Amino acid sequence: MLTDTIPILSLSLLGPLALFALVSSITPGPNNVMLASSGLTFGFRRTVPHMLGVTIGFSVMILLVGLGLGALFSQFPWLYTALKYGGAAYLLYLAWKIARSGPMEDGSQRARPLTFMQAALFQWVNPKAWVMTVGVVATYTPQQGFLANLWVAALVCGLINLPSISIWVSFGMALRRVLHRPGAVRAFNMIMALLLVISLYPIVLEVLHH
């Protein structure tokens, strides 16, 4: 049997992995801040590609890091440094866009939610996604039968991530019923933009320590 030759993630690790994925996915971070703002500004349906990009992009990231991309960054640390600071700059750009966005009724129809590909690629410059990915690969993926377990881990994380992040989109949509005035919507988006900037504090601390 296949399970005799390729040990699959045991139940003793599956439960903790699922809990780790749930807590990591549902707690505040760059993805969830952006999704809440998108839910408020564009609604649930138009935010679906953004959600799918986050989930599938994160799962693919787990697979690629597990298959050796992490080792490449260890061998060429400047690549990781460039990605990290480039990601920080992109996060600041996204925060600026969120801060400037308002309700679609106020004439800002030119604004667009993140596409599937933009959201998927964003995971590579998202500090929280890196922490989650390294945690999954290093802590919850046994070395015996590593490849099969890596696929299981990526699948479990994806299945838990999607409903978790959809809560943030729903939260943003719920606020549409409360924040009727354009000024209130802009104020909420300003707060979300500020939270996005605050999420960069680990990188700021690293720079200060150097």
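Taking the criterion of being of a type outside the set (A, V, I, L, M) and crowded, with 21+ Cβ neighbours inside 10 Å, the residues of segment 141-155 that qualify are 141, 149. Exactly one residue out of 163, 142 is of a type outside the set (A, V, I, L, M, F, W, C) and under 23 Å from residue 68 (Cα atoms): that is 142. On the given criteria, is residue 41 among the hydroxyl-bearing types (Ser, Thr, Tyr), at pLDDT below 75 and assigned to a helix (DSSP H, G or I)? Judged against the criteria, residue 41 is not a match. Within segment 9-23, the set of residues being surrounded by 14 or more Cβ atoms within 10 Å (Cβ to Cβ) and either basic (Lys, Arg) or modelled with pLDDT under 90 (or both) comprises 9, 13, 14. In segment 66-80, the count of residues that are among the hydroxyl-bearing types (Ser, Thr, Tyr) and at pLDDT 75 or above is zero. Within segment 27-38, the set of residues being surrounded by fewer than 17 Cβ atoms within 10 Å (Cβ to Cβ) and either modelled with pLDDT of 90 or more or among the polar types (S, T, N, Q) (or both) comprises 27 only.
Look at segment 95-124 and say how many of its residues are modelled with pLDDT under 85, in a helix (DSSP H, G or I) and hydrophobic (A, V, I, L, M, F, W, C). Total meeting the criteria: 5. Filtering 172, 183, 135, 158 for residues that are at pLDDT below 90, surrounded by 14 or more Cβ atoms within 10 Å (Cβ to Cβ) and not hydrophobic (A, V, I, L, M, F, W, C) leaves a single hit, 135.
The values are calculated or read from the model by the stated rules, or taken from the named source; none is laboratory data. It should be emphasised that the depicted structure is a prediction, and the values quoted were computed from it without experimental measurement. For neighbour counting, all protein chains shown are included, and Cβ atoms are generated from backbone atoms with ideal geometry for every residue, glycine included.
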